[in-house]
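Data block below; observations after.
The values are calculated or read from the model by the stated rules, or taken from the named source; none is laboratory data. Everything numeric in this text was worked out from a predicted model, so none of it was measured. Here the Cβ is made from the backbone with ideal geometry for all residues, glycine too, and neighbour counts use every protein chain on show. Note: areas computed on protein heavy atoms with side chains; ligands, DNA, RNA excluded. Shrake-Rupley method; radii C 1.70, N 1.55, O 1.52, S 1.80 Å.
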Amino acid sequence: MKRRLLCLSAIGLTGALALSACTSGGSGSPAAGSSKTTIKLVAADYGDKASNSSKAYWDAVASAFTAANPDITVDVQVVNWNDIDKQVKTMIQSGNVPDVLQTGGYADKVADDLLYKATDVLSPTTQADFIDTFSKAGQVKGTQYGIPFVSSARAFFYNKALFAQAGITDAPKTWDEVKKDAELIKAKVPGVTPYALPLGPEEAQGESMMWELGNGGGVTDAAGKYAINSAANIETFRWLKADLVDGGLTYPNPATTDRKTAFADFAAGKTAMLNGHPSLIQMSKDGKVDYAVAPIPGKDGPLASTLGVADWVMAFKKNGHQEQVRTFLDFAFNKENTLKFDELYNLMPVTKDTLADMTNSGKHADLAPFFALLPQAKFYPLGDTSWDAVSAEIKKSGGTAVSGDPAKVLGDLQKKAEAAAADK
């Protein structure tokens, strides 16, 4: 999830361990004369150096789990984000399939009929603890396969000092207020970009969707079909073009501006407002920016929801370790473990008990606006195997909707989305 988080999402991700061969019993089976079962866990590394690699976390979880369940051992293998998809693909092709995988997406594994349903490998108690919107985001055609692991969300950041210089006292709640505030900042605080609009190839699909949600639109319609060129989305991009871009209230060419540039500018005090995720909090503190966080402004009022991003756990059927995997996942998702991981990497929770703990502990006041929005989070169509291809097309050309004809740009993207959906 952190590749997108948080990619939700953000944090550098490094370090890899080669995937080892199966145990002497084969495919994680008990060795001859042994009653023990070994299950294989492959997980992405959220650390940015060896000293904070996720392997230490998973080794501790595995050790505590085996102490409580002596008949089950866990073979932990942690792989960096750049390599994990490729290595897992090789494992699947060679038959060396993990029992549990934690990575960024699950839809392609569902399409190949490799995974257990979530209900097969989670107790009712564990499953009921997940935030409902995240469980739903793990579904394919109404059945959940993806088990949420960590999350991120988006909110509106603004520079209070720059707002004060322009005579603005409150965060904007509507698009018209965003425009009005941006005009005041342009007039009274020269040299500052009023609103950072990153529609470049790094994450155009994210910035686009946040604005589309503000007008009742989105990537898909209520039936789950692509609706990139809906009337609401076209109206959204026409407003962005006419009221922000053409007015010189954002970057000269948003289609070539990436999120990392917008975040760096905000942390340097060079832009007054933008949509961001929790990693921008520490960046702002490091840059000594007097910032505040609020719900994302919509056309007629602040969004009651937000763009959510998640990374996922999934369980493979091949080795037949359903009961052992269920026992392990119930243990791995207890509050002590999930809270530790979220706090270790400054991530957002996906379970109700951990969300309540982090909300009420007083230790995470900076994240309070994000906590309030998480239960209403909206997601990309993650269960659709065509989404990766569609997302890539949006990243490539979606930003040109604010420089060219929005109806044509979104119409072309819609045709490509429909073609990708037909080919899946």
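Per-residue SASA remark: Thr169, around 120 Å² accessible (1.4 Å probe; ligands, DNA and RNA not included). Taking θ as phi - 60° and the Karplus parameters 6.51, -1.76 and 1.60, the scalar couplings of the stretch 326-339 work out to 4, 4, 5, 5, 4, 6, 4, 9, 6, 4, 4, 6, 5, 5 Hz in sequence order, x denoting glycine and proline. With all protein chains in place and ligands, DNA and RNA left out, the 1.4 Å accessible area ranks Trp239, Trp175 as Trp239, Trp175, largest first. The accessible area of Met91, taken with all protein chains in place and a 1.4 Å probe, comes to roughly 10 Å².
On a C-alpha basis, how far is the centre of the stretch 143-206 from the centre of the stretch 278-314 in Å? Whole number, if you could? Computed from Cα coordinates, the inter-centre distance equals 9 Å. Starting from the Cα gyration tensor of the stretch 278-329, take the square roots of the eigenvalues, sort them a ≥ b ≥ c, and report rounded, prolate or oblate (rounded when a/c is under 1.5, otherwise prolate if a/b is larger than b/c, else oblate). Since a/c reaches 1.5 but b/c is at least a/b, the shape of the stretch 278-329 is classed as oblate.
Local charge sum around Lys335 (other residues, Cβ-Cβ under 15 Å, Lys/Arg +1, Asp/Glu -1)? So the surrounding residues net to -4. Using bins of 5 Å that start at zero, the share of Cα-Cα pairs per bin across the stretch 187-345 amounts to 1, 7, 13, 16, 16, 13, 10, 9, 7, 4, 2, 1, 0, 0, in whole %. When the alpha-carbon atoms of the stretch 253-341 are used, the pair Rg, Dmax equals 19.9, 55 angstrom. Of all beta bridges that DSSP places with both ends in the chain, some 60 percent have antiparallel geometry. For the stretch 40-118, taking Cα atoms only, Rg and Dmax work out to 13.5, 37 Å respectively.
Rounded to whole numbers, the Karplus 3J(HN,Hα) couplings from phi for the stretch 212-219 are 4, 4, x, 10, x, x, x, 5 Hz, using 6.51 cos²θ - 1.76 cosθ + 1.60 with θ = phi - 60°, and x at Gly and Pro. Calculated [222 nm] ellipticity per residue, helices only, for the chain: -11500 deg cm²/dmol; basis is -39500 (n - 2.57) per DSSP H run with n ≥ 4, divided by all residues, nearest 500. Summarising the amide proton neighbourhood of Thr257: residues at separation of 5 or more, or on other chains, whose placed amide H is nearer than 5 Å comprise Leu199, Gly200. Averaging Cα coordinates gives a centre for the stretch 325-392 and one for the stretch 44-101; these two points are 19 Å apart. Annotation: the stretch 37-173 has a Kirkwood hydrodynamic radius of 18.0 angstrom, from the mean reciprocal C-alpha pair distance. The stretch 281-402 has equivalent-ellipsoid semi-axes of 30, 25, 14 Å, by the square roots of 5 times the alpha carbon gyration tensor eigenvalues, sorted largest first. Relative to its residue count, the chain spans a Cα convex hull of 130 Å³ per residue. Remark: the stretch 307-318, residue by residue, has Karplus-estimated 3J(HN,Hα) of 6, x, 9, 9, 9, 9, 10, 9, 10, 8, 7, 3 Hz, where x stands for each Gly or Pro and the curve is 6.51 cos²θ - 1.76 cosθ + 1.60 at θ = phi - 60°.
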